[in-house]
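What follows is calculated from the coordinates using simple rules that are stated; it is not laboratory data. What you are looking at is a predicted structure, and each value in this text was computed from that prediction instead of being measured. Positions of Cβ are generated from backbone atoms using ideal geometry, with glycine treated the same way; all protein chains shown enter the neighbour counts.
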2 protein chains.
Amino acid sequence: MSKLRVLCFSTSLDGFSAGPNQSLEHPLGVGGPEMFEWFFHTRTFQAMHGCGDGGEQCIDDEFAARSFENVGAWIMGRNMFGPVRGPWPDESWQGWWGEEPPYHVPVFVLTHHARAPLTMKGGTVFHFVTGGIDEALQRAREAAGDRDIRIGGGVSTIRQYLQAGLFDDLHLVVAPVLLGAGEHLMQGLDLRALGYECTEHAAGHRAAAHVILQKK
Amino acid sequence: MSKLRVLCFSTSLDGFSAGPNQSLEHPLGVGGPEMFEWFFHTRTFQAMHGCGDGGEQCIDDEFAARSFENVGAWIMGRNMFGPVRGPWPDESWQGWWGEEPPYHVPVFVLTHHARAPLTMKGGTVFHFVTGGIDEALQRAREAAGDRDIRIGGGVSTIRQYLQAGLFDDLHLVVAPVLLGAGEHLMQGLDLRALGYECTEHAAGHRAAAHVILQKK
């Protein structure tokens, strides 16, 4: 059955999942890329970015590779799609990922500002959803069929779905870094009261740990 | 040279180091003991509590055993010493640990309420310090000599020393549990700005990960 999942989502030792001062130069916030060192070194990441068969094959890579399996639709917040805020000035911004984004399925982008769907190479179609997380989920379910729906981020989007208790599972990657500031993933949320528990943990290679949270 | 250290201090996946509603029945707060499952199963813990040579010998146990080496003095907050709040009604409370506490060196207890030193079996002497974290540290340094000073907890005590940037290193144990509420270890502290970084991480056995934070 189709699941709603967060996979390979990094968090710092002090609980942040994005650094402060996100911008065009710092899409993950200042210091944010340090949280993804474990991912940048994987074979999965390097293959996605045209680096051939370089990269490390390790536990981090196994999690990375699995996170792209059986995904029928993605949901992401607008800040994960790009640095543009407010109404779209034009349609020139087409995401961070170039002509052929690594999704290859429909991607539902949460935004307050309507925009026509954007078809990219390789099967990725960005749909801009103005009706909030419920509409995005409903449309993603229709698009995904039996396959899973993966929420890419960012933090605010994940927190909205968490607070609504809608996730089936979350795979968090604890990165061995301190960010000190930024967007906190869990602050003010009581995941235990929402019915989640840690059902699995594994040692990372460059990551400090991989942990799986699921609904009881 | 003598170091100021936090060792084997547990934190939940959502960043809490004590559960809510601490009391005589729940010295670690509700749900708190789940964070210490990794410790309860070690040979080190079981030997300390008279269970002979039972317990697991694993990476968690190695960290636990090492955390008691070369310690010349401890510092702890009053809530780690006991559940009594406000002025001491009498001297009947002698700590959670029975006649022979597992410290075997001077222990400096931060409190607002003066009390005569308390000598226990096995070399532990509890000294009650009313002059705050600086006085406790000074007295612990004198007592420890060349050996290290270990801060046992609780959260509030560690946060005070963290904020003052006084630690040499912190060994945190990321427990594979969600607490949902309680005392947050790092909230509102910018450890990165205070000069700390993660210098080492290791897979846990029952713990999700062991991480070492040190001053640059």
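Amide H contacts under 5 Å for residue B:10: B:173, restricted to partners 5 or more places along the chain or on a different chain, H placed in the peptide plane at 1.01 Å from N.
Site pair residue B:199 and residue A:193 shows an inter-label distance of 4.0 nm when each label is modelled 7 Å from Cα along Cα→Cβ. For region A:1-103, the Kirkwood estimate of the hydrodynamic radius, built from every pair of different alpha carbons, is 15.5 Å.
From the Cα trace of region B:102-216, what convex hull volume per residue do you get, rounded to a whole Å³?
Taking only Cα atoms, region B:102-216 has a hull volume of 147 Å³ per residue.
Between copies, the label points of residue B:193, set 7 Å from Cα on the Cα→Cβ line, lie 2.9 nm apart, reported in increasing order to one decimal in nanometres. Backbone geometry of region B:35-41 corresponds, through the Karplus equation with coefficients 6.51, -1.76 and 1.60 at θ = phi - 60°, to 3J(HN,Hα) couplings of 5, 10, 3, 4, 7, 4, 8 Hz, x marking Gly and Pro.
For the protein assembly as shown, the number of Lys pairs separated by eight or more positions or lying on different chains, with C-alpha atoms closer than 23 Å, is 4. Helical runs assigned H by DSSP (4 residues or longer) give chain A a calculated mean residue ellipticity at 222 nm of -5000 deg cm²/dmol, each run adding -39500 (n - 2.57) before division by the residue total.
When every alpha-carbon pair in the protein assembly as shown is counted, what percent end up more than 40 Å apart? Of the Cα pairs, 26 percent sit more than 40 Å apart. Which distances, in nm and shortest first, link the residue A:92 label point to the same label point in every other copy, taking 7 Å along Cα→Cβ? Sorted ascending, the copy-to-copy spacings read 7.8 nm.
Just need the relative contact order of region A:80-184 here, percent rounded to a whole number, with Cα pairs under 8 Å and 6+ apart.
Numbers: 102 pairs, mean separation 20.2, N = 105.
Value for region A:80-184: 19 percent.
Plainly put, region B:80-135 has a radius of gyration that is 0.93 times its Kirkwood radius, both from alpha-carbon atoms, as the Rg/Rh ratio.
Taking each residue in B:168-175, count the Cβ atoms of any other chain within 10 Å of its Cβ, then average. What number comes out? Mean partner-chain Cβ count within 10 Å for B:168-175: 1.
Under the criterion of Cα pairs below 8 Å and six or more residues apart, the relative contact order for region A:1-98 equals 20 percent. Computed on the Cα trace of region A:55-169, the radius of gyration divided by the Kirkwood hydrodynamic radius gives Rg/Rh = 0.96. Helices meeting the span-like rule in chain A (full DSSP H runs, Cα extent of at least 15 Å along the helix axis, mean Kyte-Doolittle score of -1.0 or higher): A:132-144. Phi-derived couplings, Karplus 6.51 cos²θ - 1.76 cosθ + 1.60 at θ = phi - 60°, listed residue by residue for region A:187-201: 4, x, 9, 10, 5, 5, 5, 7, x, 8, 8, 7, 9, 7, 9 Hz, with x used for Gly and Pro. From the label point of residue B:54, set 7 Å along Cα to the beta carbon, how far off in nm is each other copy's matching point, shortest first? Spelled out, the distances from residue B:54's label point are 5.4 nm.
Place a label point 7 angstrom from the Cα of residue B:3 along the Cα-to-Cβ direction, then list the residues of region B:52-88 whose backbone nitrogen is under 20 Å away. Those under the cut-off are B:59-76.
The alpha-carbon positions of region A:155-216 define a convex hull whose volume is 85 Å³ per residue.
From the Cα trace of chain A, what convex hull volume per residue do you get, rounded to a whole Å³? The partial results should precede the final answer.
On the way: hull volume 26.1 nm³, N = 216.
In chain A, the Cα convex hull volume per residue is 121 Å³.
Pairs of Cα atoms nearer than 8 Å and 6+ residues apart set the relative contact order; for chain B it is 31 percent.
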